[in-house]
1. Long-range amide H contacts for residue 327: which residues qualify at under 5 Å (H placed 1.01 Å from N, peptide plane, sequence gap of 5 or more or a different chain)?
2. Under a cut-off of 28 Å between alpha-carbon atoms, report the lysines in cross-link reach of residue 340, not counting same-chain residues fewer than 8 places apart.
3. Kindly provide the Kirkwood hydrodynamic radius of the range 377-546 in Å, to one decimal, from all pairs of distinct alpha carbon atoms.
4. Tell me which residues come under 5 Å, amide H to amide H, from residue 464 once H is placed; ignore anything under 5 positions away on its chain.
5. Report the percentage of all Cα-Cα pairs in the range 211-357 whose separation exceeds 17 Å, rounded to a whole percent.
6. May I ask for the net charge around residue 291, where only other residues with Cβ less than 11 Å from the Cβ of residue 291 are counted and Lys, Arg are +1 while Asp, Glu are -1?
7. Hey, can you rank 170-181, 39-50 by average C-beta count inside 10 Å, highest first?
8. How much space per residue, in cubic angstrom, does the convex hull of the C-alpha atoms of the chain take up?
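Just so it is clear, none of the values below were taken in a lab; they were calculated from the coordinates. Just so you know, these numbers come straight off a predicted model, no measurement behind them. Quick reminder, even Gly has a Cβ in these numbers, built from the backbone with ideal geometry, and neighbours come from all protein chains shown.
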Amino acid sequence: MTDATNASQALALTLVDELARNGVTEACLAPGSRSAPLALALLADERFRVHVRIDERSASFLALGLAKVTGRPAVVLSTSGTAAANFHPAVIEAHESRTPMLVITADRPPELRATGANQTIDQIKLYGQSVRWFCEIGAPEASEVSTRYWRSVASRAVAESTGHRAGPVHLNAAFRDPLVPGDGRWPHSLEGRPGGAPWHRVKRAPREPGDDVVAELARLIDRTERGVIVAGDGAGAPRSWLRLAGAVAYPVVAEPTSGLRSGEIISTYDALLRHERFARSRPDLVLRVGRSGTSPVLGAWLEGAEHVLIDEGAAALDPDRAAGMIVDSDPERTAVALTKAASGRSGSAWHESWRRAEQIGRRAMDGAIDDYAEITEPRVARDVARSMPAGSTLMVASSMPVRDLDWFMEPHDDLNVVGNRGASGIDGFVSAAIGVALGVGEPLVALAGDLSVIHDSNGLSVTGGPRPDLVFVVINNDGGGIFSFLPQAALTESFETLFGTPHGMDFEALARLHKCGYELVESASGLQGAVERGFGAGGINLVEVRTDRKRNVRVHQEIWNSVHTALEELTG
């Protein structure tokens, strides 16, 4: 490690070295003066890949995307003042989605705070309760114990960020001038543990469900034929839950970002449950894992059943207040234990009715989608997912794209679908997608709405660091398409101004501005070829699909009606 010439450099070098010893390899930062000691230390350390963005919000969502697919926290660094406030949306998403993140905000030393000093705000606990841990490191002092203290802080920060309930950690680092290396010499050793070991090694054992809990749940499953497994965002361990479902003959309802949208699951559940007679047959038991989903008809259908929520950390992922039992254990180990403990079923009339409904619904849905001569939003969502190879990753934006994927995506073995589903905002989507692409290290497709791209168009500007191969499929319906499905659509006088918000964006010009590739797709059959050409060109590319918001609502209803007509042979 380089010898330090002053206190600020000593603190920066020590923090960076200790973070690297704890397995941190990515750093996202925006330019600034007060953060210079840390920025210089990160760039000089070959163990880090450094990503520079002009916009702090873009840098923070880039760090979020990297962590979503690697499981390791990335550093996101800002200078003092409002720069640090721009991290807040990404911090909230990391908190809600349990994504690790190491936020380091450079600050003025205490003697300059609350004095009217330039670019100085109150950064103490700036992100409130949205962080797992906050530490005011304090201005560096020339003390023999400083190295031990700084290394302990950095090591603990990684541990706090990557615990059972992973999330963001905030370190506020005060730096006095000089902020760049000089001619002096730091008088104390900055060395860490021998052999490059981290200062603290935290060992965690997974939370087992316990024999008593497993036995109780197994008895409940054995006596309940009409059960369903509901998997939301972050469910994880798809193979284990699918094996449990097969063993006990329960249908599986899985959102695309749950990790369970594969095998014999019910991919058309939302359309099926919009059919009044079919939805009359309700479950008696619901086994839930992950966050609750986007479908209001599913929530209404589950009312009255006995709910068991399995979550490591026992988070209250229960907006309907329906869970009668919350099991605080590792979801994968719980599913494995229940598969062994439950008596099992070779089948049931309940499960068979769902299996047949899925076959009928899937056939009718795909036929209705394929019948449209024009390109439609349901077809874009279905075909983008359908064309993804096994083992690949698909990033999806919130609002309409994730709903269309939920409504129309077929089961797809070994497809990792990622989205910002913690707080479900559209902000930072472009930057997060670039982070995901850099994290997986392979070409990535991102299914985006027009507003999600416009909202984070700064993210297209990759000013420093590697540039991934990434194709954004942008569904441009000239505004907020989701509002056309909501009660606001009846407000004819104010709807377009307040909710529809037509923007008239020229996405070709936007792509050109940020040195990205561009292609307009005008037919359903042309989508896959355009995506492939984007990958062939390399770098970041926008593939635009134009649709009409009012027409889109009718298309959705017509597809659902086709499913309902086909269902009549099962329920009539």
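1. For residue 327, whose amide H was placed from the backbone, the distant partners under 5 Å are 309, 310, 311.
2. 203
3. This gives a value of 16.2 Å.
4. 52
5. 56 percent
6. In short, -2.
7. Ranking, from highest mean packing down: 170-181, 39-50.
8. Cα-based convex hull of the chain, divided per residue, equals 164 Å³.
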